[in-house]
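Here, each number is a calculation from the coordinates, and none is a lab measurement. Keep in mind that this is a model prediction, so the values were computed, not measured. A quick note on method: Cβ atoms are made from the backbone with ideal geometry, for glycine too, and the neighbour counts reach across all protein chains shown.
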Amino acid sequence: MLRNTTSGYGLVAIALHWLIAAMIVAMIVVGMYMSGLELTDPNKFQLYQLHKSFGLTLLGLVVVRLLWRFANPAPRLPATLPDWQKAGAHLTHLALYLLLIAMPLSGWLMVSASTLGIPTLYFNLFQVPHLPVPGFLGEPAVAEATLKEVHEALAYLLIVVVVLHIAAALKHHFVDRDDILTRMVSTGPGRYGIR
Ligand code: HEM
């Protein structure tokens, strides 16, 4: 039940999928909200700290998820699925993994380059060290501005890929009426018995 089989996901993969999905939505909503707040807003500092703490947690969860996936290959896609759809699914999943690594890393690098020197306090438990910022990004103020642009652009790209991913899952469920979506919800036998 914990591990994936050739036809279905195990509990660990399912739990990681929905936890990470919920965190992505929260990170994007909070990220956009907090960066629009006035500098004088009393909640701004705390929201930034929470965004950074949850973002670093998400990075850790994505690494765990990737390791789990290497140890537990994902179940097969239905044999009836056209090759282009299989290729599209693999490409979308790869893009999601890459973005979920690049997003938190660009945020972490951005705060590391910042000339304000604001510490990152992980849920107020300890201070997270700053990353070394690559020299080709220029002097700190320039690097910070570039990384802010990158972080924002990646967020928009992530929104596009997530929307595609959700649209494909809904098409499988309501149009193709296969088990692709339900097997990410439960480990039980497929609703249509074609797993
Ligand atoms: C998957 C993880 C993450 C997602 C989806 C995410 C998403 C976002 C989004 C949508 C924004 C608003 C961009 C804008 O409209 O300007 C934002 C801003 C920000 N993020 Fe993240 N973020 C993630 C991880 C991180 C991490 C790990 C850090 C730092 C350790 C971080 C630091 C920041 C900061 C400082 C801002 C504000 C930039 C500014 O307004 O100056 N983020 N993030």
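Rounded to the nearest 20 debye, the dipole magnitude of the chain is 860 debye, with +1 charges on Lys and Arg beta carbons, -1 on Asp and Glu beta carbons, and the Cα centre as origin. Shape summary of the chain, radius of gyration then Dmax from alpha carbon positions: 19.3, 59 Å. Between Gly55, Gly88, Gly36, the residue with the greatest mean-square fluctuation in the GNM of the chain (Cα pairs under 10 Å linked by springs) is Gly36. Backbone phi angles across the range 53-61, fed through the Karplus curve with coefficients 6.51, -1.76 and 1.60 (θ = phi - 60°), yield HN-Hα couplings of 5, 5, x, 5, 5, 4, 4, x, 5 Hz in residue order; Gly and Pro are listed as x. With contacts taken as Cα pairs under 8 Å and at least 6 residues apart, the chain reaches a relative contact order of 25 percent. To the nearest 0.05, what FRET efficiency results for Val25 and Glu139 with a Förster distance of 41 Å applied to their C-beta separation? About 0.70, to the nearest 0.05. Within straight-line reach of Lys44, meaning a Cα separation under 18 Å, sit the following lysines at least 8 residues removed in sequence or on another chain: Lys52, Lys148.
Taking the dipole about the Cα centre of the chain, with the C-beta of Lys and Arg at +1 and of Asp and Glu at -1, give me whichever of Val161, Ser35, Leu2 is farthest to the positive side. It is Leu2. Couplings for the range 89-94, taken from phi via the Karplus curve 6.51 cos²θ - 1.76 cosθ + 1.60 with θ = phi - 60°, read 5, 4, 5, 5, 5, 4 Hz in order; Gly and Pro are left as x. The charge dipole of the range 125-195, taken about its Cα centre with unit charges on the Cβ of Lys, Arg, Asp and Glu (plus for the first two, minus for the last two), comes to roughly 540 debye. Placing a pseudo-label 7 Å from each Cα along the Cα-to-Cβ vector at Leu39 and Lys86 gives an inter-label distance of 5.6 nm. Mean separation of Cα pairs under 8 Å and 6 or more residues apart, divided by the residue count, gives the range 55-152 a relative contact order of 28 percent.
Amide H contacts for Thr120 (H built 1.01 Å from N in the peptide plane; partners 5 or more residues away or on another chain; cut-off under 5 Å): Val128. Subtracting the Cα-Cα distance of Tyr122 and Thr146 from their residue separation scaled by 0.36 nm leaves 6.2 nm.
The modelled label-to-label distance for the pair His93/Thr57, using points 7 Å beyond Cα in the direction of Cβ, is 2.6 nm.
Take the chain, connect every pair of alpha-carbon atoms lying under 10 Å apart with a spring to form a Gaussian network, then pick out the residue of Ser35, Ser53, Ser112 with the largest mean-square fluctuation. Looking only at Ser35, Ser53, Ser112, the largest GNM fluctuation is found for Ser35.
The 3J(HN,Hα) values that the Karplus relation (6.51, -1.76, 1.60; θ = phi - 60°) gives for the range 96-110 are, in residue order, 4, 4, 4, 5, 6, 8, 5, 4, x, 5, 5, x, 5, 5, 4 Hz. Gly and Pro appear as x.
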